[in-house]
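A.B. asks: Pasting a structure below so you can have a look.
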Amino acid sequence: MSQPPLPQTGTCRCGAVEIEVSAQPLMTAACHCRGCQKMSASAFSLTAMIPSAGFKVTKGTPVKGGLQGPQLDHFCCPECKSWMFTRITGLPDFVNVRPTLFEDLSWATPFIETMTSAKLNWVNLPVEHSFDGFPPVEDYMALITAYSAAHTRA
Ligand SMILES: [Zn+2]
Ligand SMILES: [Zn+2]
């Protein structure tokens, strides 16, 4: 599978907010939880876990949206309200970025899917790992290592 050319610039629907990613994702995921269904207005959300040092907002000032705190904060464009990225409380090392903000989506195939207990029955994603809920925290390191091994450029 391919990795994104870096840096990548992403924009919200209206262009008022731009983000830049200059690090390879730690992992990609799809989430089928009810919250993601509602926020994405679709069957599931997509995430690229980006190391915080490789993520910045380069234009505009995102505002908090969705369900706000205490476990996580969702950030949206203040103008068009596009859901752009999520920061998880207590896990400052990475940002969960919505890969659909970027032009090139060839690298954004989800590696894992979470909350399949809420998955719509017609959805069938080409993932490597499925979880009824969310993977235990202690499993994340192994998943990230497996993702990296599968995506290292030859
Ligand atoms: Zn916008
Ligand atoms: Zn979710």
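A.B. asks: Just for strands (runs of 3 or more DSSP E) wholly inside segment 45-154: which have at least 2 residues that are β-branched (V, I, T) and either more than 16 Å from ligand 1 (Cβ to nearest atom) or out of contact with any strand residue (DSSP E or B) (no Cβ under 9 Å at 6 or more places or on another chain) (or both)?
C.D. replies: On the way: elements: 45-51, 55-59, 63-65, 72-76, 83-88, 94-97, 112-114.
Answer list for segment 45-154: 45-51, 83-88, 112-114.
A.B. asks: If a residue must be at pLDDT below 95 and within 10 Å of ligand 1 (Cβ to nearest atom), how many such residues does segment 1-22 contain?
C.D. replies: 0
A.B. asks: Within segment 54-74, work out how many residues are within 15 Å of ligand 2 (Cβ to nearest atom), hydrophobic (A, V, I, L, M, F, W, C) and either open to solvent by less than 40 Å² (accessible area, probe 1.4 Å) or farther than 18 Å from S40 by Cβ (or both).
C.D. replies: Adding up the residues that qualify gives 0.
A.B. asks: Among the listed residues E138, E128, identify the single one that is surrounded by 11 or more Cβ atoms within 10 Å (Cβ to Cβ) and more than 18 Å from I50 (Cβ to Cβ). First the steps, then the outcome.
C.D. replies: On the way: E138 fails: surrounded by 11 or more Cβ atoms within 10 Å (Cβ to Cβ).
On inspection, the qualifying residue turns out to be E128.
A.B. asks: Any residue in segment 94-112 that is over 25 Å from P7 (Cα atoms) and open to solvent by less than 70 Å² (accessible area, probe 1.4 Å)? Even if it seems obvious, please write down each step before you answer.
C.D. replies: Taking segment 94-112 first, the residues over 25 Å from P7 (Cα atoms) are none.
Checked against the condition, which is being over 25 Å from P7 (Cα atoms) and open to solvent by less than 70 Å² (accessible area, probe 1.4 Å), segment 94-112 yields no hits at all.
A.B. asks: Can I ask one more? Which of the residues belonging to segment 1-48 are over 17 Å from T116 (Cβ atoms), open to solvent by 20 Å² or more (accessible area, probe 1.4 Å) and of a type in the set (S, T, N, Q)?
C.D. replies: Of everything in segment 1-48, those that are over 17 Å from T116 (Cβ atoms), open to solvent by 20 Å² or more (accessible area, probe 1.4 Å) and of a type in the set (S, T, N, Q) turn out to be S2, Q3, T9, T11, S22, Q24.
The values are calculated or read from the model by the stated rules, or taken from the named source; none is laboratory data. These numbers come from a predicted model, not from an experiment. Quick reminder, even Gly has a Cβ in these numbers, built from the backbone with ideal geometry, and neighbours come from all protein chains shown. Keep in mind that these areas ignore ligands, DNA and RNA; they rest on the heavy atoms of the full protein, side chains included. Shrake-Rupley method; radii C 1.70, N 1.55, O 1.52, S 1.80 Å.
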